[in-house]
Amino acid sequence: MNTPRIVVTGIGASSPIGGTAPESWAALLSGASGAHTLDYDWVDEFQLPVTFAAQAVVRPDTVLERPEAKRLDPSSQFALVAAREAWADAGSPDVEPERLGVDFATGIGGLWTLLDAWDTLKEKGPRRVMPMTVPMLMPNAAAAAISMHLGARAYARTVASACASSTESVVNAMEHIRDGLADVVIAGGAESAIHPITVAAFASMQALSKRNDDPEHASRPYSVDRDGFVMGEGAAALVLEREDHALARGARIYAVVVGGGVTADSYHITAPEPEGLGASRAVRLALESAGAGVDDVTHINAHATSTPTGDIAEYKALLSVFGERLHDLPVSATKGSTGHLLGGTGALEAIFAVLAIQDRVAPPTINLTTQDPDIPLRISGEPTPLGAGDQLAISNSFGFGGHNAVAAFASA
């Protein structure tokens, strides 16, 4: 059986540095930072140790119609906004409903809905809890909303693998199309978890940067003085399609989804395996499924959260796969600009990898003052040309629970 090529024909994003995918890409290349001081009463009310985050530039309820926004948690609102942009960007493919799938991820889901409902119950009693509470808080709400909006009946799936979630969704979508279960799949992820309980909890476990006096420079992957990640929010979506289906309708093709790898560390609920063993297996699986070798890779979008242990573990994983060639590859750590979108981050970085291939430029890594000598990667604070010839980029995502997911993209 011939294995069909899978291509990316549409992209959409709502991020801390842009209200759309093109705006986010332009801001990324310009070296923008999406991290700012939070302007909420609850920051002072709860005396939070971290007072900043990377909020989305555009609130989703200002984009959606008011009735539909009221029936969706903010995470699902972001998802629907990004999915609609990606679908329109793909030219709204004419595809049979039974051949159209949705694979949309989240790390946490409808957090705001759940905690608002708890407050309502305590303050006003059970009769005032909204009937739509459960459909709004469930993790699969975004996938359901997108599938109903587009009339997708092949499948509607939700991955919840912490920060690896939406990269895993992209890999799943590729595999579903390869296996003949769909012709078109919209894949991605969303998160809206900048809430006092999550800020307090992540800060309590020493995961967040505490640079309250300088939030724009707080996310600093690979810098020797990095002290934690910056919480972000938003969503990103990609339309994946059989190449023959895309060509038949004259669609624009951004890149080819050539491979993916998903593994587990089985090591610790929050800490990465110190030598990056599970992560390196995911990279190898992605290259193997792409039919590619380490010499074919021209760019890496690293997970690089700006945590002391995470960044070094990823470096060790990559070094074990690429050897000394790793130090010649342009590596981008885009969370320096966007912060960490948790379950939405993989899809956003997949878009950045796709656009890096298309525009032949590796985006900059900002806020890197003094590079950690134990992580001697090729990193630049300026956009780096990728040169002529075929391009192959990998995008890495690793999450709490030991989840590892890597997606590989090549020139169309």
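Among THR198, THR270, a tally of other beta-carbon atoms within 10 Å of each Cβ gives an order, fewest to most, of THR270, THR198. Here the relative contact order of the chain, from alpha carbon pairs under 8 Å that lie six or more residues apart, stands at 24 percent.
Between the range 20-44 and the range 243-309, the alpha-carbon centres lie 26 Å apart.
The peptide list 162-172, 67-77, put in order of mean Cβ contacts within 10 Å with the highest first, becomes 162-172, 67-77.
If I build a Gaussian network model for the chain, linking alpha-carbon pairs within less than 10 angstrom, which residue out of PRO383, PRO126, PRO135 has the largest mean-square fluctuation? The residue with the greatest mean-square fluctuation here is PRO126.
Under unit Cβ charges (Lys, Arg +1; Asp, Glu -1), what dipole magnitude, rounded to 20 debye, does the chain have relative to its Cα centre? That gives the chain a dipole magnitude of about 700 debye.
For the range 229-312, what's the relative contact order in percent, using C-alpha pairs closer than 8 Å and at least 6 residues apart? 29 percent. Computed from label points 7 Å out along Cα-Cβ, the spacing between ASP41 and GLU288 is 5.6 nm. A Cβ-based charge dipole, computed about the Cα centre of the range 1-149 with Lys and Arg at +1 and Asp and Glu at -1, lands at about 320 debye. In a GNM of the chain with a 10 Å cut-off on Cα contacts, which of GLY389, GLY189, GLY260 has the highest mean-square fluctuation? So, out of GLY389, GLY189, GLY260, the one fluctuating most is GLY389. Sorted fewest first by neighbouring Cβ atoms within 10 angstrom, VAL224, VAL7 come out as VAL224, VAL7.
From least to most packed, judged by other beta carbons within 10 angstrom and beginning with the fewest, ARG242, ARG325 follow the order ARG325, ARG242.
Using Cα centres only, tell me the gap between the range 332-362 and the range 121-137 in whole Å. About 37 Å separates the Cα centre of the range 332-362 from the one of the range 121-137.
Between GLN206 and ALA271, the distance separating the two model label sites (each 7 Å from Cα on the Cα→Cβ line) works out to 1.0 nm.
Projecting each Cα onto the charge dipole of the chain (Lys/Arg +1, Asp/Glu -1 at the beta carbon, about the Cα centre), which of THR62, VAL171, ASN367 comes out farthest on the positive side? Comparing the listed Cα positions along the dipole, THR62 ranks first.
Any read-out appearing in this document is the output of simple, stated calculations on the displayed coordinates, not a laboratory observation. Only a predicted model underlies this, so the values are computations on that prediction, with no experimental measurement involved. Because the Cβ atoms are built from the backbone with ideal geometry, glycine has one as well, and the counts that use them run over all protein chains shown.
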